[in-house]
1. Can you tell me which residues in region 227-256 are part of a helix (DSSP H, G or I) and under 22 Å from residue 207 (Cα atoms)?
2. If you go through region 142-152 one residue at a time, do you hit one that is farther than 30 Å from residue 61 by Cβ and of a type outside the set (Val, Ile, Thr)?
3. Taking region 199-212 on its own, how many of its residues are modelled with pLDDT of 95 or more and outside any strand (DSSP E or B)?
4. With the structure loaded, tell me whether residue 201 is among the hydrophobic types (A, V, I, L, M, F, W, C), surrounded by 17 or more Cβ atoms within 10 Å (Cβ to Cβ) and more than 22 Å from the chain's Cα centre (by Cα) or whether it fails that test.
5. Report the residue count in region 272-284 for those that are in contact with a Leu (Cβ under 9 Å, 6 or more places away or on another chain) and either assigned to a loop (DSSP other than H, G, I, E, B) or at pLDDT 75 or above (or both).
6. Spot the failing condition for residue 181; the list is (1) part of a helix (DSSP H, G or I); (2) modelled with pLDDT of 95 or more, and only one is missed.
7. Which one of the conditions (1) in contact (Cβ under 8 Å) with a residue 60 or more places away in the chain; (2) touching a Phe, Trp or Tyr at 6+ places or on another chain (Cβ under 8 Å) does residue 205 fail to meet, given that it meets all the rest?
8. Inside region 1-15, can you point out the residues that are buried (at least 16 other Cβ atoms within 10 Å of the Cβ), at pLDDT below 95 and assigned to a helix (DSSP H, G or I)?
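The values are calculated or read from the model by the stated rules, or taken from the named source; none is laboratory data. Nothing here was measured: the structure is a model prediction, and the numbers come from that model. Glycine also receives a Cβ, built like all others from the backbone with ideal geometry; neighbour counts cover every protein chain displayed. Note: accessible area is taken over every heavy atom of the protein model, side chains too, but ligands, DNA and RNA are not part of it. Shrake-Rupley method; radii C 1.70, N 1.55, O 1.52, S 1.80 Å.
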Amino acid sequence: MSMGIEKFDFFLKQLENQLELAAANNNPAQELFKIGTRTPLFMLEALAKLYSKLHNPKLFDKLKDQFKQLEDILGDIDYYHNYIIEFTGKPGISPGIIDFLKNRKEENILLLNDTLVEKKWLKNNKSRIEKIREKLSEATWMGAEEEMSAIKNVYFDSIQEIHSFYNSAAGRFTDLENQVHALRRKLRWLSIYPQALRGAIQLTDSNIADENISKYLIAEVINSPFNQMQAPGENKYILLLEKNYFLALSWIISELGKLKDLGLSEIAKEEAMTSISGHIHNDQVLNNDTVSATLLKATEISKYYFDEQNLDKMVGQVIPVEMYTGEKK
């Protein structure tokens with residue numbers, strides 16, 4: 001079996017098991033949300049996104065869209081769920097806002113239940129996963145060394161795309177969703193691929209002299225389980241990423257995420273009040289100062305992160321696994 005198929009199959013099995021649990025529930029969508037099905041869907045989406053750049057693009061683009069459809073709906077459920085928790089009991093938040101958020105969460109739960117049936121994801125008609133496995137078995141796969149070299153090139157191409165996207169803001173973010181959040185999503189894929197590839201990417205420390213890097217190496221980032229690479233396992237070749245610059249990537253993703261959440265909490269209030277009253281009471285609902293400060297801070301931290309060219313220093317060599325002696329401390 002191809003190593004690529006094995007990586008897909010690992011997460012397909014997770015998804016299949018969770019779908020079986022959900023199918024036994026009266027509310028499958030609610031169950032999938034509760035047991036964290038976004039995670040295997042995210043990994044599968046990452047693999048499909050990555051392999052679509054390597055080979056069989058039509059197949060993998062289609063698979064990516066299928067996984068993303070479920071993940072997006074679960075993401076919307078999560079979005080409204082989190083703001084229900086954040087706003088409940090908070091001064092200045094009317095019961096109408098909470099009711100709106102609860103209704104939107106329920107609408108997305110209903111949408112996911114309908115999608116699970118329509119797209120045949122559930123166990124009582126699990127042809128969706130069976131078809132995915134069949135299509136994967138028919139794909140043409142690269143050899144191990146060729147595949148890892150191609151993945152290295154995907155990193156280089158993605159980094160250039162990220163630079164172009166960042167530069168399009170001309171040094172100043174003015175839109176939370178279409179600039180800050182979109183930039184974070186592009187950066188985040190670079191940190192998700194190692195988890196999805198299950199040991200095919202490892203960290204190394206070449207002791208590059210860089211006086212700028214230490215500010216990113218905080219305990220929260222260093223100790224994050226998402227920054228611990230899985231052992232190489234059965235992978236024959238691995239791609240090395242420079243540890244400190246991978247941690248710097250994790251730092252900027254985390255910081256932009258905090259800012260995005262802060263700004264989106266104001267936008268969630270705006271969405272609720274617009275629906276309830278048909279117009280916005282800025283003095284009571286949308287704190288424009290918070291949104292402006294969030295955009296300013298995102299601009300500031302992104303500027304020094306990109307000016308230091310941290311992404312450009314992250315990608316290392318592809319080597320046979322027997323040459324890898326483990327992450328240097």
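1. Listed by number, the residues that qualify are 227, 243, 244, 245, 246, 247, 248, 249, 250, 251, 252.
2. Checking region 142-152: not a single residue is farther than 30 Å from residue 61 by Cβ and of a type outside the set (Val, Ile, Thr).
3. Matching residues across region 199-212 total 2.
4. Spelling it out, it is not the case that residue 201 is among the hydrophobic types (A, V, I, L, M, F, W, C), surrounded by 17 or more Cβ atoms within 10 Å (Cβ to Cβ) and more than 22 Å from the chain's Cα centre (by Cα).
5. Here the count works out to 2.
6. (2)
7. That leaves (2) as the condition not met.
8. Correct list: 3, 4.
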